[in-house]
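Down below is the structure, laid out as structure tokens.
The values are calculated or read from the model by the stated rules, or taken from the named source; none is laboratory data. Keep in mind the model is a prediction, meaning the values are calculated, not measured. Please note: Cβ atoms are built from the backbone with ideal geometry, for glycine as well, and neighbour counts cover all protein chains shown. Each accessible area value is taken on the protein alone, full model and side chains, heavy atoms only, with ligands, DNA and RNA left out. Shrake-Rupley method; radii C 1.70, N 1.55, O 1.52, S 1.80 Å.
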Amino acid sequence: MWFQSMLALWGSKRRPVRSRRKPASARLTVEALADRNLPSALDPVSLPDTGDFAAVVALSEETFHVADGTFNVNYVHGSRLSAAVQGYLALGSQSPQFFTIRAHVKVMGNHIAGEPTMVFSDGSTLTFSYQIKVDKDTGIFEGSWTVTSGTGQFAGASGGGTISYPVAATGTLIMDGTISR
């Protein structure tokens, strides 16, 4: 448009044609919403009226205990260790659920770290990372675990606790803690 008006000016002695649009302001404008409601595709979520946020969070937290957990080391090659694990996970007051683990972890001297996945009979999974260190006096690996992901009944889970098992090719797995889901 500007170009056409300049051509018109050169071709005749007429004045340039001015745009009919109002120039845009370079300033941003903020408008308060006041009492207006904006449409939303989301429905509001109401929390239980406990008056205490900590109590709301605690509603979904359960105790976590591995009962009758056993492991068998399949092989150790360099810093890699493979083991088969099975046991029962007791959550809160629920009936224990059977699980298996095919663990592939890393051995670093007297430390072991890994991220095994518990697989349950219903197809749900719970993956956790753990790091343990051997206590030379007791001959037991001890440390902590933290939930990293889950599927099925453990989708969106979080939590953690303690883990221990003896320095042996076969032995008892003990895991305790809490989990929220």
Practice task
Enter the accessible area per residue of the range 78-181 (Å², integer; probe 1.4 Å; all protein chains in place).
Solution key: 49 Å²
Handout entry: Cα-only radius of gyration and Dmax that characterise the range 95-139, units Å
Key = 13.4, 40
Exercise for the section: Could you work out the local net charge near residue 89, counting Lys and Arg as +1, Asp and Glu as -1, over the other residues with Cβ closer than 15 Å to its Cβ? Expected result: -3
Practice task
Sticking with the crude label model, points 7 Å out along Cα→Cβ, report the distance from residue 100 to residue 67 in nm, one decimal please.
Solution key: 2.2 nm
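How big is the convex hull of the Cα atoms of the range 73-181, per residue, in Å³?
Numbers: hull volume 10.3 nm³, N = 109.
Enclosed volume per residue, from the Cα hull, is 95 Å³.
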